[in-house]
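One structure below.
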Amino acid sequence: MKTRLLCGIGLLGLLAFPAFSQKGPFKPTYTNMTEFGVLFGQVRYNVTAATETVSKRQNITAQTFNGVQLRPKLAVGGTVGVDWYHSALLMPVCAGVRYDLAQPGKKNLRVFTSLDTGYSFPWLNEDPTGYETRGGWVISPGIGFRIGRPQNANFILSLSYKRQEAEADKPLGWNETYKFETRVYNRIAFRLGLSF
């Protein structure tokens with residue numbers, strides 16, 4: 001009887017041991033990446049048959065990605081930002097994806113890629129009299145680093161390309177029926193931020 005009891009306890013112990021050593025299935029969790037930075041680029045303006053002006057621009061940008069960590073390496077969600085250009089203040093609202101290139105673990109430095117695409121709106125823009133600015137399509141692929149343990153808040157350093165379209169109606173001059181400007185902002189964005 002004692003032998004059967006000891007064998008039964010031993011068998012239960014062997015069956016229970018693998019259950020304690022294995023990790024449970026991954027559960028989706030909320031994730032956030034909030035970043036601030038600078039947009040770098042060049043613009044052409046005053047383009048006529050005789051002259052053309054090219055100028056370098058630096059603009060301020062901020063964005064926050066809020067989403068769900070669907071898998072250890074993949075997060076999907078939405079991105080809302082603010083981009084201050086020389087002649088417009090645009091708010092891009094995008095669908096976003098974040099993907100870790102390295103297997104998450106206990107490493108303190110991880111590389112990730114990002115892709116945001118959507119539409120920008122001039123909700124915060126204040127136009128001069130006679131002007132009307134409209135937003136347009138946005139796409140922004142990028143790459144970055146997360147510094148810190150995966151379970152804690154991380155410091156983010158990212159570099160991305162941003163292409164943002166906009167249009168503006170301008171005041172009419174003498175004998176003009178319409179006057180508008182199509183803008184395409186091509187910028188390199190360098191951002192710093194936090195992720196949790």
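The values are calculated or read from the model by the stated rules, or taken from the named source; none is laboratory data. Computed from a predicted structure; not experimentally measured. Note: accessible area is taken over every heavy atom of the protein model, side chains too, but ligands, DNA and RNA are not part of it. Shrake-Rupley method; radii C 1.70, N 1.55, O 1.52, S 1.80 Å.
Of note:
- Probe 1.4 Å - accessible area at GLU52, Å² to nearest ten: 100 Å²
- Centre separation in Å (Cα based) which lies between segment 80-124 and segment 132-191: 10 Å
- Rounded to the nearest 10 square angstrom, LEU159 shows an accessible area of 90 square angstrom against a 1.4 Å probe.
- Solvent accessible area, Å² - THR117, 1.4 Å probe, full protein context: 70 Å²
- Candidate residues ARG191, ARG44, ARG134, ARG149: accessible-area rank, largest first, probe 1.4 Å: ARG44, ARG149, ARG134, ARG191
- Accessible-area ranking of TRP84, TRP123, largest first, probe 1.4 Å: TRP123, TRP84
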